[in-house]
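**Student:** My structure is below; once you've seen it, I'll send some questions.
The values are calculated or read from the model by the stated rules, or taken from the named source; none is laboratory data. In this text the structure is predicted, and so the values were computed from the model without any measurement. Reconstructed Cβ throughout: ideal geometry from the backbone, glycine too, with neighbour counts over all protein chains shown. Note: accessible area is taken over every heavy atom of the protein model, side chains too, but ligands, DNA and RNA are not part of it. Shrake-Rupley method; radii C 1.70, N 1.55, O 1.52, S 1.80 Å.
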Amino acid sequence: MQENFMKEALKEAEKAYNKDEVPVGCVIVKDGKIIARAHNLKESKNDTTNHAEILAIHKASKKLQSWRLIDCDMYVTLEPCTMCAGAIINARIRKLYFGAKDEKTGAVGSVFNLLEDYTFNNKVDYEEGIMQKECEDILKKFFKELRKRRSK
């Protein structure tokens, strides 16, 4: 089941990749159904807050007509940054599943762990490494191509 939802998040990452965005995709699931899906749009919208997780939270909140995403799970291809981890906590996401670690800005274990190291009003469980290789591969491919274009 987890892999099926992560495959859907990877489809979103592909959409970002095709738009020349850092290929991160996200889906939010409630009662076994995807209620929101999104991908990075930071470059195309010139907005640093347009991460896949934030956009998916906006969509899910609109669908449920509540900022409280109680009993919702998030699947994202890359470990969330500080901004996104904070939004996940505040949105009351039940569980976070992510694929690739982010050694530079990851806030769920790589740089520090916002979900465990601090006490907040909402505890978010998480599981990492879901389809890790596939999630890493699309990122590696994107950045390799980006470096190649910039070196010309």
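Rundown of residues vs (1) open to solvent by 90 Å² or more (accessible area, probe 1.4 Å); (2) more than 21 Å from residue 16 (Cβ to Cβ); (3) touching a residue at least 40 places away in the same chain (Cβ under 8 Å); (4) not aromatic (Phe, Trp, Tyr), yes/no style:
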{"residue": "77", "(1), (2), (3), (4)": "no, no, yes, yes"}
{"residue": "81", "(1), (2), (3), (4)": "no, no, no, yes"}
{"residue": "94", "(1), (2), (3), (4)": "yes, yes, no, yes"}
{"residue": "97", "(1), (2), (3), (4)": "no, no, yes, no"}
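**Student:** Residues of the range 3-31 being free of Cβ contacts under 8 Å to residues at least 40 places away in the same chain, in contact with a helix residue (DSSP H, G or I) (Cβ under 9 Å, 6 or more places away or on another chain) and either open to solvent by less than 10 Å² (accessible area, probe 1.4 Å) or within 18 Å of residue 60 (Cβ to Cβ) (or both), which ones?
**Tutor:** 16, 21
**Student:** Determine, yes or no, whether residue 85 is modelled with pLDDT of 95 or more, closer than 24 Å to residue 42 by Cα and touching a helix residue (DSSP H, G or I) at 6+ places or on another chain (Cβ under 6 Å).
**Tutor:** Judged against the criteria, residue 85 is not a match.
**Student:** Here's another thing I want to ask about it. From the list 105, 77, exactly one residue is in contact with a strand residue (DSSP E or B) (Cβ under 7 Å, 6 or more places away or on another chain), within 18 Å of residue 143 (Cβ to Cβ) and of a type in the set (Ser, Thr, Tyr). Which is it?
**Tutor:** The match here is 77.
**Student:** I need the full set of residues from the range 116-139 which are under 25 Å from residue 91 (Cα atoms) and either of a type in the set (Phe, Trp, Tyr) or in contact (Cβ under 8 Å) with a residue 60 or more places away in the chain (or both), in order please.
**Tutor:** 118, 120, 126, 127, 130, 131, 135 - these are the residues of the range 116-139 that are under 25 Å from residue 91 (Cα atoms) and either of a type in the set (Phe, Trp, Tyr) or in contact (Cβ under 8 Å) with a residue 60 or more places away in the chain (or both).
**Student:** Among the residues of the range 119-152 satisfying the criterion of being exposed (fewer than 11 other Cβ atoms within 10 Å of the Cβ) and among the hydroxyl-bearing types (Ser, Thr, Tyr), which is modelled with the lowest pLDDT?
**Tutor:** Among them, the one singled out is 151.
**Student:** From (1) over 26 Å from residue 142 (Cβ atoms); (2) open to solvent by 90 Å² or more (accessible area, probe 1.4 Å); (3) out of contact with any Ser or Thr (no Cβ under 6 Å at 6 or more places or on another chain), pick out the condition that doesn't hold for residue 71.
**Tutor:** Failing condition for residue 71: (2).
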